[in-house]
Each structure stands twice: as structure tokens, then as C-alpha cells.
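J.: I have a structure I would like to understand better, so I am pasting it below and will then ask my questions one at a time.
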Amino acid sequence: VDIASWLKYAEAKIVSHSPRRDAELLLLHRLGKSCAYLKAFDREDISRLAADLECDLAQLQTGYPIAYVLGYKAFWDMTLKVTPAVLIPRPDTETLIEAMQSLFPRDSQATMVDLGTGSGAIAIALSRIFAKADITATDSSGAALDIAQENAKRWALANITFKCGHWLNGYAPHRFDAIVSNPPYIDSDDHHLLLLQHEPLSALVAADGGLADIKKIIQQSQVCLKTGGYLLLEHGYQQGDAVRGLLGDGWTKVSTHRDLAGHERVTMAKKY
Ligand SMILES: C[S@@+](CC[C@H](N)C(=O)[O-])C[C@H]1O[C@@H](n2cnc3c(N)ncnc32)[C@H](O)[C@@H]1O
């Protein structure tokens, strides 16, 4: 089997939005090479890898996400290590990073916290943009924090502190200039969960129609934000109305940003 013929074979087997690209990624991962290699050496014999590649394809066919097979996922301007202990970062979440860029200058010394950091995606992207900011990243999962810290060692500046804990419990009033989070927001009855069964449930599901964690974070943020500070929350594409409705007393400048697909995805508010 050579590279060109294996790619054809795998492309036909993979069911995804980008079977050719996924086949290339699997092969590059096993070869330990970068993209250009595939074109340059497309007649190279790869029979030695055939058994491992067949395992990879079988995993994909059970619906196991390619990011977990590869062990990494691209986010913002980095590739982050991911394991089944963390949610696979989504491009939609970059909407939140862009919203932060529009609120704070690059040389901002603001205090920022990323609640439920998972792989560290949000906190690490913020650290790379806001080199002088004082960033905290928290999660209730110690296993997730281990991955986030590994990613931070590789990609972040030295301005992130990691803490294990539940949302804003234990933080002093008026502590932060910005609180950001992509919390669990899927209702336990939502059929979308069937497609997400390999990712940690604790990263996905929230009580109260998916709004319980969002409500808790909004309440606690009203206390822990400085006056004039910002709260930015990612949420489900049908939750914009509900989340704006929760940002009543004590909040101003409530607005929602849309993701790449045009769905309402990140709602922000300013504390007054
Ligand atoms: C949707 S994932 C987001 C992960 C990452 N921020 C991202 O955007 O890719 C939600 C994260 O919140 C964490 N989490 C769930 N309940 C929590 C709680 N009560 N306090 C802190 N973190 C929590 C989960 O462990 C998970 O890492």
C-alpha cells in the first residue's frame, strides 16, 4: 500500500464533513510528518503502518472524534492537546475570544478569569493576546486542569494561574475586570447529546433546560466583577433570548455575538 492509494481507501471509509482531510491527518499523525510530505512521497510504501491505521479508521467508524484519535485539536492560533477528559474546543468559541479583543486593548493589565477552562483553550488564547493581563483559569475537574496546564506550558505566556474549584466560589467581591466562560449548556434531554457521547458529560450538560450553570455564573459575576467589568458567556444557539433575559438588574450593554454559522453564540454584559 502506498500513500496515495491508502488516502483514497480511507477517504471512502470516513464519514465526516471532510473525509479527505481527516484521512490525511490520520496518516500524518502515524507518519510523524507534516503536510507537504504526502504530496512529495505519494508512492511511499506504508504497509508497516497499515494495522495501526486500520485501528484508527475503526475508531472513527464508531463515532469516536478524530481529535481524540489524533490527541490534538486546532484552536485559535495553536494546536491543543486533548484527551477524553476535556471537551474538544470548537471554532464557535473563537467568537468569545474575538469579542474580548474588541473590549480590551492588547496591552491591557485587566484581571480576567476563564471559568470551566477544559483544555485551556480560552485562557491560553487570551494569554497570547493580552500579554500583560492577569488571567485565572478554573475547572471543577482536576483531570481537565492537568491537560490545560500541559497546554499552557507549551502555548501560554506566564500570566495564567490555574485553580480547581466550582465557578466563582471563594473569589472576593470586585475581583475581576472580565469573567468569561463556555459552561455546560445542553439540556439532558437534548438529542444533540447522542452525537457528543464521547466527550465528558460534566462539560456538556446543565440542569434547568441547560441554563443552571449560566444562571449561577451570572449571579456570582454580579458580585465578583468590578463595576464596569464585563461578563461574556458562550451559550446554545437557541439560548440567546433566555440569557439576555437573565441579565437584568445590575447589567447594561447586553448584546449577543453570532458565530461563524450566523447563530447567536456569545452574550456579553457590562456590570454597573
Ligand atoms: C463546555 S466545557 C468548556 C471547555 C473549554 N472552556 C472550551 O471552551 O473548550 C465546560 C467546562 O466546565 C467545567 N465545569 C463543569 N461544571 C463546573 C463547575 N461547577 N465549576 C467549574 N467548572 C465546571 C467542565 O469540567 C468543562 O471543562
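J.: Output the number of residues of segment 197-219 satisfying the condition of being in a helix (DSSP H, G or I) and open to solvent by less than 30 Å² (accessible area, probe 1.4 Å). Step through it out loud before you land on a result.
T.: Within segment 197-219, the first condition is being in a helix (DSSP H, G or I), and the residues that meet it are 201-204, 212-219.
Now narrow it down to the ones that are open to solvent by less than 30 Å² (accessible area, probe 1.4 Å): 204, 214, 217-218.
Final tally of qualifying residues: 4.
J.: If you don't mind, there's one more thing I want to ask. What single numbered condition from (1) out of contact with any Pro (no Cβ under 7 Å at 6 or more places or on another chain); (2) open to solvent by 20 Å² or more (accessible area, probe 1.4 Å) fails to hold for Leu232?
T.: For Leu232, the exception is condition (2).
J.: Which of the residues spanning segment 78-112 are touching a strand residue (DSSP E or B) at 6+ places or on another chain (Cβ under 8 Å), hydrophobic (A, V, I, L, M, F, W, C) and within 11 Å of the ligand (Cβ to nearest atom)?
T.: Residues satisfying the conditions are Leu80, Val82, Ile88, Leu96.
J.: Considering only segment 170-188, state which residues are more than 17 Å from the chain's Cα centre (by Cα) and over 24 Å from Tyr272 (Cβ atoms).
T.: Within segment 170-188, Gly170, Asp187, Ser188 qualify.
J.: How about segment 246-265: which of its residues are buried (at least 17 other Cβ atoms within 10 Å of the Cβ) and over 23 Å from the mean Cα position of the chain (by Cα)?
T.: To start, the set of residues in segment 246-265 that are buried (at least 17 other Cβ atoms within 10 Å of the Cβ) comprises 246-247, 251, 256-257, 259, 264-265.
Hits for segment 246-265 are Leu246, Leu247, Trp251.
J.: I need the full set of residues from segment 117-143 which are surrounded by fewer than 24 Cβ atoms within 10 Å (Cβ to Cβ), within 13 Å of the ligand (Cβ to nearest atom) and outside any strand (DSSP E or B), in order please. Before you say what the answer is, go through the steps one by one.
T.: Filtering segment 117-143 for residues surrounded by fewer than 24 Cβ atoms within 10 Å (Cβ to Cβ) gives 127-134, 136, 140-143.
Those left that are additionally within 13 Å of the ligand (Cβ to nearest atom): 136, 140-143.
Selection gives Ser140, Ser141, Gly142, Ala143.
J.: Just checking, which of Ser221, Ser202 is in contact (Cβ under 8 Å) with a residue 40 or more places away in the chain and within 19 Å of Leu103 (Cβ to Cβ)?
T.: Values: Ser202 fails: within 19 Å of Leu103 (Cβ to Cβ).
After ruling out the rest, the residue left standing is Ser221.
The values are calculated or read from the model by the stated rules, or taken from the named source; none is laboratory data. Remember, predicted model here, so these are calculated numbers, not experimental data. Note that we place each Cβ from the backbone using ideal geometry, even for glycine, and neighbour counts take in every protein chain shown. We work out accessible area using only protein heavy atoms, side chains counted, and drop any ligands, DNA or RNA first. Shrake-Rupley method; radii C 1.70, N 1.55, O 1.52, S 1.80 Å.
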